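Everything below concerns the one structure shown next.
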Amino acid sequence: MKIKNLKRFITFITTMLFIAISISLFISNSSFSHSDNIKKKTIYTSYGDTLWTIAETEQKNNEYYKNKNIREIIEDIKSINNMKTSNLASSQELLIPYIN
């Protein structure tokens, strides 16, 4: 297949990618926005806590994180708390989602 109009082809591909990304973002956001039962609790870290140990605890005891991968839970906690790294300070406040 020979492309006759390169500019038109690139515009078409760009438009299709934009539509696909928009749809996927809408679907991922809408799946969470319909859950009115999701709340956030505040926890405070202790000396020696890591995001890994917190994620393990939440995976076991929090319905919101049941059947999710530890790494996904860590990334979710980092995202919710606007964390750039996984480093924690003692007595650091973290918001954790849960299902009420």
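Collect the residues in the range 38-61 that are under 16 Å from the mean Cα position of the chain (by Cα), farther than 17 Å from residue 93 by Cβ and not in a strand (DSSP E or B), keeping them in residue-number order.
Answer for the range 38-61, where residues must be under 16 Å from the mean Cα position of the chain (by Cα), farther than 17 Å from residue 93 by Cβ and not in a strand (DSSP E or B): 52, 59.
If the Cβ limit is 9 Å and pairs must be 6+ apart or interchain, which residue in the range 45-61 that is among the small types (Gly, Ala, Ser) pairs with which residue that is part of a loop (DSSP other than H, G, I, E, B)?
Cβ pairs passing all conditions: 46/90; 46/91; 48/90; 55/68.
Bear in mind these aren't lab numbers, they're just calculated from the coordinates by the rules spelled out. Model, not experiment: these values are computed from the prediction. Note that we place each Cβ from the backbone using ideal geometry, even for glycine, and neighbour counts take in every protein chain shown.
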